[in-house]
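Single-structure report; data block below.
Derivation of every value follows stated rules applied to the coordinates shown; laboratory data play no part. Not measured: the values here are computed from a predicted model. All Cβ positions, glycine included, derive from the backbone under ideal geometry; neighbour counts span all protein chains shown.
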Amino acid sequence: MNDLRKFIPVNKLNNPRLFFQLSLLALFAIMSVFSGQISAQKQTCTPFTTVTEGDLFPGGIVSFGVMGGPGSVTVDHVNAGTGLQEFTIVGTPTNAVVNILAFTSGTYDPATATFTVINPNQAVDFTLRAASTFHAAFIRVRCSAPTPTPTPVASPTPTPVPTPTPTPAGNPAGTTGNLDVRLIRAGVVGTCAANTFPGTFTVGPFIYNTHRLRNNTNAPICVTVSLTVNVEGTAPSNVQVAAFLAPFVAADINTAAKYLGDPGGSSASPPVVTTFQVSIPAMTDFDLVVFSVNPSPASQGTQYTINVSPGTGCTLTGVLGTAPSGNSCTF
């Protein structure tokens, strides 16, 4: 059986090891050819040329046409005169091996110089001289060094900026103080029709607070105002609310032109809810004034709530004798 094997032809089916070795050799050969092609591509550049007058009579620039190609420079003498007599290298080339191809002296045909780049990562620079009998031109040949690919720099992760806490929209803080006089409780509940100024009562001082609101619409609005006493203050505790055009100061309690309306009565004790309506002109600021109907220190520290409708965020709270904070009531 073993003796028969020497008569069996060797092929890839009956000798896998030999087949594998031959396959590796073929692969290395292909890679070598491909690598050589890549290497050749890297060693070649298409130059840019600068032509200047040579060292003979003027006219060298117009006597020669010059063209650069991949790894080559070609000169072409005009079809007149003595033709191309000399084509030489001037000085020592930088980063290139230059070869002048053979040409016939006096030819009008193109003549070519080829070059190979020594280091593809560096610039190429050399000078050629083309001359006829009377004219010459210097041809500077250059290839720029390739621009290196910059190393990517990771962008820094921005520091998150905290979102600021939104400030409640629009209405400033209120005020507190003392009135020399107060409104008379005329017993007439204010409506959205015209309200008549009730006059004032001249026994004071009376503690008061103001709350600023605004009709930010382009039309008058009718609002309903309700005052609720949650905790009575210094006895005898009894408070009232009224609406005035803003800004309200203590002296305005006597100004009928700034008066808008009131419920015609006070909270009494034990307290009851007092309500009235008032018409607010378009785009107008107004103050709700909460005041004691008894002289100071009466009603000091009274805790109250004002509900204004229609509106959003229009539940206002206060402590009589303490300036209220701003609010976000909108209409």
Considering only DSSP beta bridges whose two residues both sit in the chain, what percent are antiparallel, to the nearest 5? 100
Give me the one-decimal nm value for the distance between modelled label points at VAL97 and ALA154, 7 Å along each residue's Cα-to-Cβ direction. 4.5
For the stretch 199-206, take each phi angle, set θ = phi - 60°, evaluate the Karplus expression 6.51 cos²θ - 1.76 cosθ + 1.60, and give the result in whole Hz per residue in order, putting x for glycine and proline. x, 10, 10, 9, 10, x, x, 10
Three principal axis extents, largest first, for the C-alpha atoms of the stretch 123-275, in Å? 126, 36, 27
Please name whichever of VAL51, PRO236, GLN300 sits farthest to the positive end of the charge dipole of the chain, dipole taken about the Cα centre and charges placed at Cβ: Lys and Arg +1, Asp and Glu -1. VAL51
So how much slack lies between ILE118 and ALA282, counting 0.36 nm per residue of separation and subtracting their Cα-Cα distance, in nm? 50.5 nm
Residues of the stretch 190-222 with the amide nitrogen closer than 13 Å to a label point 7 Å from the Cα of ASN178, along Cα-to-Cβ, please. 203-208
Once fully extended, how much extra length lies between SER328 and THR107, figured as 0.36 nm per residue of separation less the alpha-carbon to alpha-carbon distance? 69.9 nm
For ALA96, other-chain or 5+-apart residues with amide H closer than 5 Å (H placed, Pro excluded) are ILE118
Note, ³J(HN,Hα) from phi for the stretch 238-245, Karplus 6.51, -1.76, 1.60, rounded to Hz, x at Gly and Pro: 6, 10, 9, 10, 8, 10, 9, 4
Can you pull the Kirkwood radius for the stretch 256-314, inverse mean 1/r over Cα pairs, to one decimal in Å? 13.8
Label-point separation in nm, VAL78 to VAL188, each point 7 Å along Cα→Cβ: 11.4
5 Å is the cut-off here: which amide hydrogens, built 1.01 Å from N in the peptide plane, fall below it relative to ARG214, excluding neighbours closer than 5 in sequence? PHE286
May I ask you to order 216-228, 317-329 by the average number of other C-beta atoms within 10 Å around their residues, highest value first? 317-329, 216-228
Taking only the alpha-carbon positions of the chain and ignoring solvent, what does the Debye formula give for the base-10 log of I(q)/I(0) at q = 0.10, 0.11, 0.12 Å⁻¹? -0.76, -0.83, -0.87
Treating the angle as unsigned and between 0 and 90°, give the value, to the nearest 10°, between the Cα long axis of helix 16-42 and the longest Cα principal axis of the chain. 80
Treating only the Cβ of Lys, Arg, Asp and Glu as charged (+1, +1, -1, -1), what charge dipole size does the chain show about its Cα centre? Round to the nearest 20 debye. 1040
Per residue of the stretch 102-115, in order, report the coupling 6.51 cos²θ - 1.76 cosθ + 1.60 (Karplus, θ = phi - 60°) as ³J(HN,Hα) in whole Hz, putting x for Gly and Pro. 4, 8, 8, 4, x, 6, 9, 7, x, 10, 10, 10, 10, 8
Inverse of <1/r> over all distinct C-alpha pairs of the stretch 213-331, i.e. the Kirkwood Rh in Å, gives 14.5
Is there a quick way to get the dipole size of the stretch 85-225? I mean about its Cα centre, with the Cβ of Lys and Arg at +1 and of Asp and Glu at -1; what is the value in debye to the nearest 20? 820
